[in-house]
């Protein structure tokens, strides 16, 4: 099963003073089913609103176009005033990869949107950042040079010709920069003071642009070059903009940052460095705050980081890692942090009606009812999740024990893999049932004429193939559990021998059960090439798993004596 593709889009529109205007424009994205409007953040002084929405790549692309269309109708740049640099009604519109999507795919979305907006709406569109058509336009500031008021002078100049759009400027709309970039995380760190002096000092130290060098740090005269310009001392972190301010409602100072690349400059590393510098200045950090939304991986990485700093295994569930990140970063310090709302991916999780949301007794009752699904396929996936979970459990009961110190690193690595496999199988519990329901829905399609009969047959064939491939993926993933159980059966805590044995039996049950579901679904498929391929894969893997389970159980028997 593939990871769901999620793209975020963050257009900035040039109106932050009229709620009717910016809310109407923001809500235009909801015309596209599947797109979620995640945040609308107006700024009165800047006369600008940052809108955040997300969805599948194609849905997000369509929603972005709808936003441009409504903005063109509602905003007139000829009367616009605001503190923030701007050049158009939609000033910037970046696509951001969130889940299952590459930067190259986002770049393609940016180019397709720019072409459509340029051709259909008659707007000048410049490509920037990862989508830039020339090196100097990677930097948004270069694209926006001269702002709206300078656009008229670009007409007829080859070096300023927009990537898409007409030769003549539309003065009502202005121009737009459309691009692709990494996710920007707006992050604030809280200081136990209402005086921003030391917060500002730390901000200058950590930001990429750094600070002016002084004769006697921090308050001495600025050291200057021969031409009179200040000598600059680069900051600690790349892709980090930082300053300080005092928030009256919190009665404390904050170091406020934009982290533009959390792969290169992880949020948790920035937090630790600020913590260190604050301690050196006699200042205490009370916690931190994420403004807006954040990708899941940013907090999972933080959770793992702080666990490993404590000498603990990071082979925990996703929820446990998130809780550790929230506590360690102090994300509940000034306002409650609800990860179900703050994490971008979690805004797309539909939990209503899911089997995995049921209690064990409820699931067993549903299973025992006269409903045809859930059935053996979902139970096979459940067995796989239990097997992977037991493997992870043994690593956690081995890691941290002094007598197994030489195996701690490997135990953690295996435990993390076990957690990943567990998550895969849990999703497959509902995927198997959903696939069966699609088969039933296809069989109920009308067949009153030849065309309807053809459509019904095609739908049934496609549904049966999907219903076959899901248990086949469960079978194939079951094979990945073996090296985990094998290692812990030899190097793990011997007191967990029975748990390893149960894990081996669950692994075998998952594989055998999945194989039975593959076989019964293949009976309804006429595509012989597809059937032969599935049978070959199934038989090969099943033979391996049967042998692997036997080897693990032999190891377990030795430990049980």
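Pull up region 511-542, narrow it to residues that are touching a residue at least 24 places away in the same chain (Cβ under 8 Å) and farther than 20 Å from residue 477 by Cα, then point me to the one that is surrounded by the most Cβ atoms within 10 Å (Cβ to Cβ). The qualifying residue surrounded by the most Cβ atoms within 10 Å (Cβ to Cβ) is 525.
For (1) surrounded by fewer than 13 Cβ atoms within 10 Å (Cβ to Cβ); (2) under 25 Å from the mean Cα position of the chain (by Cα), each residue gets a yes or a no:
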site	(1), (2)
419	no, yes
423	no, yes
441	yes, no
446	yes, no
456	no, no
462	no, no
467	no, no
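The condition (being in the same structural domain as residue 509 (by TED's automatic domain parsing), under 18 Å from residue 508 (Cα atoms), in contact with a helix residue (DSSP H, G or I) (Cβ under 6 Å, 6 or more places away or on another chain) and in a helix (DSSP H, G or I)) is satisfied by just one residue among 414, 429: 429. Candidates in region 510-531 are the residues that are farther than 24 Å from residue 384 by Cβ and assigned to a helix (DSSP H, G or I); of these, the one that is nearest to the chain's Cα centre (by Cα) is 529. Under the condition of being more than 30 Å from the chain's Cα centre (by Cα) and free of Cβ contacts under 8 Å to residues at least 40 places away in the same chain, the residues counted in region 70-119 number 4.
Among the candidates 441, 371, which residue alone is assigned by TED's automatic domain parsing to the domain that holds residue 477, at pLDDT below 90 and over 26 Å from residue 476 (Cβ atoms)? Let's see the steps before the verdict.
Values: 441 fails: at pLDDT below 90.
Criteria check complete, one pass: 371.
Here residue 219 meets the list (1) touching a helix residue (DSSP H, G or I) at 6+ places or on another chain (Cβ under 7 Å); (2) at pLDDT below 90 almost entirely, failing just condition (1).
Of all the listed residues (475, 469), the sole one being in contact with a helix residue (DSSP H, G or I) (Cβ under 7 Å, 6 or more places away or on another chain), closer than 18 Å to residue 519 by Cβ and part of a helix (DSSP H, G or I) is 475. Being assigned by TED's automatic domain parsing to the domain that holds residue 53 and either exposed (fewer than 14 other Cβ atoms within 10 Å of the Cβ) or under 23 Å from residue 79 (Cα atoms) (or both) is true for just one of 153, 163, 108. Which residue is that? Within the list 153, 163, 108, the selection yields 153.
Okay, residues lined up against (1) part of a strand (DSSP E or B); (2) closer than 23 Å to residue 86 by Cβ; (3) out of contact with any strand residue (DSSP E or B) (no Cβ under 7 Å at 6 or more places or on another chain); (4) modelled with pLDDT of 95 or more:
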| residue | (1), (2), (3), (4) |
| --- | --- |
| 142 | no, yes, yes, no |
| 162 | no, yes, no, yes |
| 172 | no, yes, yes, yes |
| 186 | yes, yes, no, no |
| 189 | yes, no, no, yes |
| 194 | no, no, no, no |
| 200 | no, no, no, no |
| 204 | no, no, no, no |
| 226 | no, no, yes, no |
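Filtering region 1-31 down to residues that are part of a loop (DSSP other than H, G, I, E, B) and under 30 Å from residue 432 (Cβ atoms), which residue is modelled with the lowest pLDDT? Out of the qualifying residues, it is 1.
Annotation for region 397-409: at least one member residue is surrounded by 22 or more Cβ atoms within 10 Å (Cβ to Cβ) and not in a helix (DSSP H, G or I).
Annotation note: of 354, 307, the sole residue that is touching a helix residue (DSSP H, G or I) at 6+ places or on another chain (Cβ under 7 Å) and crowded, with 19+ Cβ neighbours inside 10 Å is 307.
With respect to the conditions (1) modelled with pLDDT of 95 or more; (2) crowded, with 16+ Cβ neighbours inside 10 Å; (3) touching a strand residue (DSSP E or B) at 6+ places or on another chain (Cβ under 9 Å), residue 101 falls short on a single one, namely (1).
The values are calculated or read from the model by the stated rules, or taken from the named source; none is laboratory data. Bear in mind the structure is a predicted one, so any value in this text is a computation, not a measurement. Don't worry about glycine lacking a Cβ; one is built from the backbone with ideal geometry, like all the others, and counts go over all protein chains shown.
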